[in-house]
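Quick note: the coordinates plus some simple rules give every number you see, no bench work behind them. If you're wondering where the values come from, they're calculated on a predicted model, not measured in any experiment. Counting neighbours? That spans all protein chains shown, and the Cβs are built from the backbone with ideal geometry, glycine included.
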Number of protein chains: 2
Amino acid sequence: MYELDPRLAADTIMVGSLGISDVLLMNDSRWFWLILSPRIEDAVEWHELHTDQRQDIDFEIANVAAVLKGMSSCKKVNIASLGNIVDQLHIHIVARNEEDENWPNPVWGHGNRVPYHEDASDQIVEVLREHLDLEIL
Amino acid sequence: MYELDPRLAADTIMVGSLGISDVLLMNDSRWFWLILSPRIEDAVEWHELHTDQRQDIDFEIANVAAVLKGMSSCKKVNIASLGNIVDQLHIHIVARNEEDENWPNPVWGHGNRVPYHEDASDQIVEVLREHLDLEIL
């Protein structure tokens, strides 16, 4: 049975569930950073999924990336499936800007997480839910 | 008309062309690192491609990732579309291992590229071409 990895759960805030993936907000206010966690038991490597699973997840990746870009007007969306620390398959979708921390280098492994103030994350999650409601759910 | 970004061309060795993407070997011997460069003019953001383009590219991503994992027996494949430095759409497919440089942190933005000796890259490209011939072309 699928269960969200406890390290991912500890570092993120649940936004909601799409058809195949849960959407998580990384609790790190340095970047606007979402994670899709497909609810597929024992999934680790992208290329080991079935083609139809990849297509379903990719549909959600593209929609979430479009919402992220629309909300943030970021310069570039970074999309990645790494899994060097948490091997449970999950996809990072991150809004990047030239003035943000560690630009143009990656967000992973850079410094320490700066959690949101609860009001700020509540507001982001609310707006995300409105947009994902409209466009995906 | 599509033309490979000159910065990507300078840092990589051409392996060959698949149906929609060119396959490049990053000329950095610290990691076994491939790049797919879809031959689509002005492509930048993954989510702005048409669904059928994403599906075609993803088919190639999955095949190249499987070849990379088969050749390297790596612990984890990292797949990413970043584009913070070169905005032309390109997908990184990188073999990672616990003993490699900067594990478990990412390969991007870490230290300086260590080019292959030509014999070594020739051999890798040859094996890649055999495997990609068999499995994709």
10 Å Cβ shell holding at most 12 others, DSSP loop, GluC sites (Glu not before Pro): longest site-free stretch of chain A:
A:42-97
Translational diffusion coefficient, Stokes-Einstein: compute it for segment B:6-135 using the Kirkwood radius over C-alpha pairs as Rh, at 4 °C and 1.567 mPa s, and state it as an integer in µm² s⁻¹.
86 µm²/s
Against the longest principal axis of chain A, how steep is helix A:51-72, in degrees 0 to 90 to the nearest 10, with axes from Cα atoms?
10 degrees
Summing -39500 (n - 2.57) over every DSSP H run of at least 4 residues in chain B and dividing by its residue count gives a helix-only mean residue ellipticity at 222 nm, to the nearest 500 deg cm²/dmol, of -11000 deg cm²/dmol
Cross-link reach list, lysines versus A:LYS69, counting only Cα pairs under 29 Å and skipping chain neighbours closer than eight places:
B:LYS76
Simple label model, 7 Å out from Cα along Cβ direction - B:HIS50 to B:ASP5, nm
2.4 nm
Nearest residue to the symmetry axis between B and A, taken on chain B by its Cβ, in whole Å:
B:ALA80, 2
For an R0 of 22 angstrom, estimate the FRET efficiency from the Cβ-Cβ distance between B:ASP42 and B:ILE85 and round to the nearest 0.05.
0.80
At 7 angstrom along the Cα-to-beta-carbon line, where would the label on B:HIS110 sit relative to the other copies? Give the distances in nm, shortest first.
1.5
Put a point 7 Å out from Cα along the line to Cβ at A:GLY19; what are the distances to that point in the other copies, in nm, shortest first?
2.1
Along the dipole axis of segment B:6-135 (charges at Cβ: +1 for Lys and Arg, -1 for Asp and Glu; origin at the Cα centre), the most positive-end residue among B:ILE20, B:ILE35, B:SER73 is B:SER73
Label position 7 Å from Cα toward Cβ: report the copy-to-copy distances for B:GLN55 in nm, one decimal, ordered from shortest.
0.4
